[in-house]
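S.K.: There's a structure below that I have some questions on.
The values are calculated or read from the model by the stated rules, or taken from the named source; none is laboratory data. Quick caveat, the model's predicted, so the values are computed rather than measured. Cβ placement follows ideal geometry from the backbone for every residue including glycine, while neighbour counts extend to all protein chains displayed.
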Amino acid sequence: LIEDPNFYCVLEDESQYDTCGIGCWNVRGLRTHLDEVHQTLVSSRLRLHLLGVVETHLKERDLGPRVPGWDFIGKNRSSEDSDGRRARGGIGLFVRRNSGIQVKPAVVPEEYNTQDTMWLNVSVTDPK
């Protein structure tokens, strides 16, 4: 199923599922690794629909990157180092446009809503 020894998979029979490609990546600085992220998103081998990214290191008011054919939803940390030049943490989700997938913010109880969490509702109508 997955030939990389760093991954494991629990699906016994993937043929019974319509596929929706989902990945998660600790990018350790989204702007620094944007070329690699872009190549990953457009790779026909991976057939991704959603790519979660953590440790984006975007500053509080950064809107996130623009990648053709993809939307980006993100949540940046509000606290920065004391010098104000270096951002920390941050999470985001790339969603492939025209993929039959809709993503909207989810309403969750306040105690679950921290600066290190992002809650979303994902609807899959027809993964393309």
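S.K.: Looking at (1) modelled with pLDDT under 80; (2) under 27 Å from Thr125 (Cα atoms); (3) surrounded by 10 or more Cβ atoms within 10 Å (Cβ to Cβ); (4) not charged (D, E, K, R), can you tell me which one Tyr17 breaks?
M.R.: Of the numbered conditions (1) modelled with pLDDT under 80; (2) under 27 Å from Thr125 (Cα atoms); (3) surrounded by 10 or more Cβ atoms within 10 Å (Cβ to Cβ); (4) not charged (D, E, K, R), the odd one out for Tyr17 is (3).
S.K.: Does Leu48 count as in contact with a Gly (Cβ under 9 Å, 6 or more places away or on another chain), surrounded by 11 or more Cβ atoms within 10 Å (Cβ to Cβ), at pLDDT below 90 and of a type outside the set (Val, Ile, Thr)?
M.R.: Numbers: in contact with a Gly (Cβ under 9 Å, 6 or more places away or on another chain): yes; surrounded by 11 or more Cβ atoms within 10 Å (Cβ to Cβ): yes; at pLDDT below 90: yes; of a type outside the set (Val, Ile, Thr): yes.
Yes, satisfied.
S.K.: Another question, if that's okay. Here is a check on your reading of the model: is Gly74 out of contact with any Phe, Trp or Tyr (no Cβ under 9 Å at 6 or more places or on another chain), modelled with pLDDT of 90 or more and either in a strand (DSSP E or B) or surrounded by 11 or more Cβ atoms within 10 Å (Cβ to Cβ) (or both)?
M.R.: Judged against the criteria, Gly74 is a match.
S.K.: Quick one: count up the residues across the range 114-128 that are closer than 17 Å to Gly89 by Cα and surrounded by 13 or more Cβ atoms within 10 Å (Cβ to Cβ).
M.R.: Count: 2.
S.K.: Cβ contacts < 9 Å: first residue among the hydrophobic types (A, V, I, L, M, F, W, C), restricted to the range 107-128; second residue modelled with pLDDT under 80 and exposed (fewer than 13 other Cβ atoms within 10 Å of the Cβ), any location; separation 6+ or different chain. Result?
M.R.: Partner pairs satisfying both residue conditions: Val124/Asp18.
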